[in-house]
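The values are calculated or read from the model by the stated rules, or taken from the named source; none is laboratory data. The structure displayed is predicted, hence computed values, not measured ones. Ideal geometry is used to build each Cβ from the backbone, glycine not excepted, and the neighbour counts take in all protein chains shown. The accessibility values were calculated without ligands, DNA or RNA, using every heavy atom of the protein model including side chains. Shrake-Rupley method; radii C 1.70, N 1.55, O 1.52, S 1.80 Å.
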Amino acid sequence: MIVIGERINATRKNIAVAIEQRNEKLIQEEVKIQIQSGIVDYLDINCGLGRVDINKEIEDMKWLIEVVQQNTNIPLMIDSPNYEVIEVALKMYKNVSAKPIINSITLEKQRYEKILPLVKEYETSVVALTIDENGVPKTVNERVEIAKKIISLCKEKYDIEEERIFIDFIVKPVAVEPDQTIHFLDAVKTIKNLFPKIKTVCGASNVSFGLPNRRLLNSIFLAMAISYGLDAAIIDPTDKKVVSSIYPAEALLGKDEFCLKYIEAYRGGVFE
C-alpha cells in the first residue's frame, strides 16, 4: 500500500491560514508529524481553494513547495487542477531520486490536454479521476469505461506507461449514496483484472462524510478496499485507527510475506 499524507491541504482551515500568513512553523510541523508516523510514501501539497486569481495560487505554491522541501526529501504529490500551478511546482521539485505524482486529470479535454504533456515531459506519475463532461458516473461500467479511455489516451497519445497511472474511481459519502461504496470497490477490482499494472488510489475519508465515528468507518473501508485491489490511499497518517487497518489487511491477503511488515509496525507503535 502506497500511503500519501493528506494533511498539507488548503481545504483544512489551519493550512489555509498558514499559507495566507506564510507561517513556516506550522507547515514544518505538519511535515514532521506525518513523517514521524513512519508510513508515509508521499506528501500531498495543495494550496488551492478554487480561487479565480490563478497568480495567487501560483505564488502560494511556490512558497509552499519550498517550505516543504526544506524539511523533507520524501517525494510529493502535487495537487492542483490547474496546469500552470503544477508546472511551477514541477520546476521547483528537487528530489532527484523519486518523481512526483500529479493530482489530477479527468477525461475532460481542456484538462488533460494541458496536464498530460507535463506528465510526459517531467516523467511523473498521474492521478486520473473517472470524470468526463457528464460529471461523476454512478455505475461500475461507466466508471470503468472512463478509466479505459484515460488509460488508452495516456499510453497511445502521450506514451505514459501503465505503472505511472493512478486511477481514482472517486469515493462518495455512504450516508448520501449508500450503493456507491460497493460500486467503487467493484470498479477497483474490475480495472485491476483488466490492467494489472495500473495503480488505483482514493481519498479514503470521503466515504464517512456526515457520519459519526468517521475514523471507524474509514479504517474498515480502507481494509475492504485493499482486499479489492486498492494500491494507494490519501489519508491522515497520524490517525492510528485508519493506519492500523493497512498492515493487518495486507498480512491477511498474503501481501506481507511472513507478516514482517505487520510485526515491524507493531514494534514501532504504529497501531492504536
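Identify, please: which residue in the range 147-170 is open to solvent by 10 Å² or more (accessible area, probe 1.4 Å) and under 18 Å from the mean Cα position of the chain (by Cα) and is, among those, nearest to residue 99 (Cα to Cα)? The qualifying residue nearest to residue 99 (Cα to Cα) is 164.
For beta carbons closer than 7 Å, sequence separation of 6+ or different chains, a first residue in the range 93-107 that is within 22 Å of residue 70 (Cα to Cα) and at pLDDT below 95 and a second that is among the basic types (Lys, Arg) and open to solvent by 10 Å² or more (accessible area, probe 1.4 Å), there are no qualifying pairs. Quick check on my filter: what residues within the range 106-143 are assigned to a strand (DSSP E or B) and within 21 Å of residue 177 (Cβ to Cβ)? Listed by number, the residues that qualify are 129, 132, 135. Here residue 200 qualifies as buried (at least 17 other Cβ atoms within 10 Å of the Cβ) and either touching an Asp or Glu at 6+ places or on another chain (Cβ under 8 Å) or outside any helix (DSSP H, G or I) (or both). Taking the range 72-88 as the range and being over 21 Å from residue 161 (Cα atoms) and buried (at least 16 other Cβ atoms within 10 Å of the Cβ) as the test, the residues that pass are 72, 74, 80, 81, 82, 85, 88. In the range 3-19, the residue that is farthest from residue 250 (Cα to Cα) out of those that are touching a residue at least 12 places away in the same chain (Cβ under 8 Å) and surrounded by fewer than 15 Cβ atoms within 10 Å (Cβ to Cβ) is 14.
Which members of the range 217-253 meet the condition of being within 18 Å of residue 188 (Cβ to Cβ) and open to solvent by 60 Å² or more (accessible area, probe 1.4 Å)? If the condition is that a residue be within 18 Å of residue 188 (Cβ to Cβ) and open to solvent by 60 Å² or more (accessible area, probe 1.4 Å), then 217, 220, 224, 227, 228, 252, 253 are the ones that fit. Taken over the range 174-192, the criterion of being touching a residue at least 12 places away in the same chain (Cβ under 8 Å) and part of a helix (DSSP H, G or I) is satisfied by 180, 181, 183, 184, 185, 186, 187, 188, 189, 190, 191, 192. Which residues, counting only those in the range 122-146, are touching a Leu at 6+ places or on another chain (Cβ under 6 Å) and surrounded by fewer than 22 Cβ atoms within 10 Å (Cβ to Cβ)? Selection gives 122, 132. Check the range 164-183 and report whether any residue there is of a type in the set (Val, Ile, Thr) and over 24 Å from residue 207 (Cα atoms). Taking every residue of the range 164-183 in turn, none turns out to be of a type in the set (Val, Ile, Thr) and over 24 Å from residue 207 (Cα atoms).
For residue 32, the conditions (1) exposed (fewer than 15 other Cβ atoms within 10 Å of the Cβ); (2) under 18 Å from the mean Cα position of the chain (by Cα); (3) modelled with pLDDT of 95 or more all hold with the exception of (2).
Among the listed residues 114, 91, 120, 109, which satisfies the condition of being basic (Lys, Arg) and closer than 13 Å to residue 164 by Cα? Full working, then the answer.
Numbers: 114 fails: closer than 13 Å to residue 164 by Cα; 91 fails: closer than 13 Å to residue 164 by Cα; 109 fails: closer than 13 Å to residue 164 by Cα.
Answer to the check: 120.
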